[in-house]
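Structure record follows, encoded as structure tokens.
The values are calculated or read from the model by the stated rules, or taken from the named source; none is laboratory data. Predicted model only: the values in this text are computed from it and were never measured. Here Cβ is always computed from backbone atoms with ideal geometry, including for glycine, and neighbour counts include all displayed protein chains. Remember, those area values only see protein heavy atoms, side chains included, never the ligands or the DNA or RNA. Shrake-Rupley method; radii C 1.70, N 1.55, O 1.52, S 1.80 Å.
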Amino acid sequence: MKTEFFIPHYVEVLINTLEKNGFEAFIVGGCVRDLLLSKIPSDYDITTNALPEQMMQCLNEFKCIPTGLKHGTITVLNDGKSVEITTYRSDGEYLDHRRPQSVDFSANLNEDLARRDFTVNAMAYSPKTGLIDLFGGKNDLEQKILRCVGNPQKRFDEDALRILRGLRFASTLGFDFEKETLEALLASKELLREISAERISAELLKLLCGKNAKKVLMECTEVIEVIIPEIKPCVGFLQHSRYHKYDVWEHICTCVSEAKNDPIIRLAMLLHDIGKPDCFFMKDGEGHFYGHEKKSAEKAQRILKRLKFDNGTLERVVLLIKSHCFNPSDDEKQIKRMLSKLGEEAFFQLLDVSRADNSAKNDFCKEILETISLCEAKAKEIIEKNECFSLKNLAVNGSDLVQMGFKGKEIGQKLDFLLQGVIDGRFENKKDILLTILQDMI
Ligand code: ATP
Ligand code: MG
């Protein structure tokens, strides 16, 4: 029976136009995989035997942008959406484990599918022809198996990024590796050193956000060690603590999986305890890790810089790691102090970090989850009621203090002093009261 998919009109029109002009055209890769999984594809790629100039010519009623002519790719804008169309390719030789030496256009769809990484990513479809599945991709999808197209060792050797793409798909799709694919992937791990930091971090983030992140991180630890050697001491490091049932690395992997599906939180969980082995000591038969949050934050800073994460991500993740040892409570003063110190966004992220952390310890630690929810609810209430926890809602501001004759650094210091007093409940947040307090100090 011919497989039939619903393809959005803005994509179908492009396929039809290419076919009307005598060319072959298919949707291909990730979108076919997602359609077979009954997921809505994030985007559609088209593969065709038309050369870029021929595509531009027959699609001239649409806006065509020559985004990658060298690789045979143009981007077509239709109905406010973009579709990448690429000429059938057969990649030339790979000499540096990264990119083919040359890209040859091909007249043959089979060649184009054969150059793709995994069987589940190597299917094509058109309404006219139906599904084209030369490598058993549909069956692998049904069996939830990730398998290389062709010889796995050769495929990872050609392009080492495929190693991490493999981990990423295993995690996001929740698939198992086929045996030879896994063996080749592990055997090729050192080749990842040839891949740019930017490409590695993009794949790493997707891996961390997958539903099977824990399993993949545990199964392919040695691959992660190539990218982040700092995790090595954590693997198998026993904590000797009544709070923990896992060694440090398994605790980390569990935290990643338990965490909210947000790249910042998941990245923070991956690195939040990497300083632990450095800080370990035994006292009265119990393991302790004083100061590990600071050590972990220092290491995280270096790792994120090396992996070329943007500054915003780096600073936020480091802040969350540095702060992750706080004791959640529903005490209003503590909440206001933390809101003031961290800002609203980071404060709520820290609660997510703490949730994940406590979900991955011994079972009794889960009791704290209720307190975290209370803390979150109270913080939202404080914000909603516009209660004072930061300078922006303090009843006096810098210019009030200038008018009283304060200068320079003193202004900031006095404002902080008033804010702390208001947060602690010693002063009422009223302008005349706060100004009188300052007056008395003069
Ligand atoms: P996503 O849903 O994340 O976009 P995707 O499978 O579409 O996943 P892309 O990076 O968009 O991934 O790549 C599109 C297709 O191109 C893949 O499905 C695969 O067929 C092929 N591909 C991409 N990168 C590689 C690679 N490094 N080696 C071989 N084939 C690749
Ligand atoms: Mg894609």
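Please indicate, with yes or no, whether at least one residue in the stretch 138-155 is within 11 Å of ligand 1 (Cβ to nearest atom), in contact (Cβ under 8 Å) with a residue 40 or more places away in the chain and either charged (D, E, K, R) or within 23 Å of residue 11 (Cα to Cα) (or both). There is no residue in the stretch 138-155 that is within 11 Å of ligand 1 (Cβ to nearest atom), in contact (Cβ under 8 Å) with a residue 40 or more places away in the chain and either charged (D, E, K, R) or within 23 Å of residue 11 (Cα to Cα) (or both). Note on the stretch 72-174: enclosed helices (runs of 4 or more DSSP H) holding 2 or more residues that are of a type outside the set (Gly, Ala, Ser), assigned by TED's automatic domain parsing to the domain that holds residue 44 and within 16 Å of ligand 2 (Cβ to nearest atom) are 109-114. Could you go through the stretch 370-381 and let me know if any residue there is outside the structural domain of residue 341 (by TED's automatic domain parsing), open to solvent by 50 Å² or more (accessible area, probe 1.4 Å) and among the hydroxyl-bearing types (Ser, Thr, Tyr). Checked against the condition, which is being outside the structural domain of residue 341 (by TED's automatic domain parsing), open to solvent by 50 Å² or more (accessible area, probe 1.4 Å) and among the hydroxyl-bearing types (Ser, Thr, Tyr), the stretch 370-381 yields no hits at all.
Looking across the stretch 358-394, the residues that are among the charged types (D, E, K, R) and closer than 18 Å to residue 334 by Cβ come down to 370, 376, 378, 380, 381, 385, 387.
Inside the stretch 384-415, residues that are buried (at least 17 other Cβ atoms within 10 Å of the Cβ) and part of a helix (DSSP H, G or I) make up a count of 5. Given the criteria in a helix (DSSP H, G or I), modelled with pLDDT of 95 or more, under 22 Å from residue 146 (Cα atoms) and open to solvent by less than 30 Å² (accessible area, probe 1.4 Å), does residue 257 qualify? Against the criterion (in a helix (DSSP H, G or I), modelled with pLDDT of 95 or more, under 22 Å from residue 146 (Cα atoms) and open to solvent by less than 30 Å² (accessible area, probe 1.4 Å)), residue 257 does not qualify. Each residue in the stretch 321-368 was checked for being closer than 26 Å to residue 244 by Cα, of a type in the set (Ser, Thr, Tyr) and at pLDDT below 95, and 1 pass. The requirement of being in contact (Cβ under 8 Å) with a residue 40 or more places away in the chain and among the hydrophobic types (A, V, I, L, M, F, W, C) is not satisfied by residue 297. Of the residues making up the stretch 416-442, those that are aliphatic (A, V, I, L, M), assigned to a helix (DSSP H, G or I) and open to solvent by 70 Å² or more (accessible area, probe 1.4 Å) number 1. Taking the conditions exactly as written (out of contact with any Ser or Thr (no Cβ under 6 Å at 6 or more places or on another chain), hydrophobic (A, V, I, L, M, F, W, C) and part of a helix (DSSP H, G or I)), does residue 32 satisfy them or not? It is true that residue 32 is out of contact with any Ser or Thr (no Cβ under 6 Å at 6 or more places or on another chain), hydrophobic (A, V, I, L, M, F, W, C) and part of a helix (DSSP H, G or I).
Taken together, the residues in the stretch 66-76 that are free of Cβ contacts under 8 Å to residues at least 24 places away in the same chain and either open to solvent by 20 Å² or more (accessible area, probe 1.4 Å) or closer than 17 Å to residue 23 by Cα (or both) amount to 5. Scanning the stretch 209-218 for residues that are within 14 Å of ligand 1 (Cβ to nearest atom) and either among the hydrophobic types (A, V, I, L, M, F, W, C) or over 13 Å from the mean Cα position of the chain (by Cα) (or both) yields one hit, 209. When residue 140 is tested against (1) acidic (Asp, Glu); (2) closer than 19 Å to residue 38 by Cβ; (3) open to solvent by 10 Å² or more (accessible area, probe 1.4 Å), just one condition goes unmet, and that condition is (3). Here 214, 179 are screened, and the one residue that is within 30 Å of residue 35 (Cα to Cα) and free of Cβ contacts under 8 Å to residues at least 12 places away in the same chain is 179. Counting residues in the stretch 45-65 that are part of a strand (DSSP E or B), open to solvent by 40 Å² or more (accessible area, probe 1.4 Å) and more than 30 Å from residue 193 (Cα to Cα) gives one or more.
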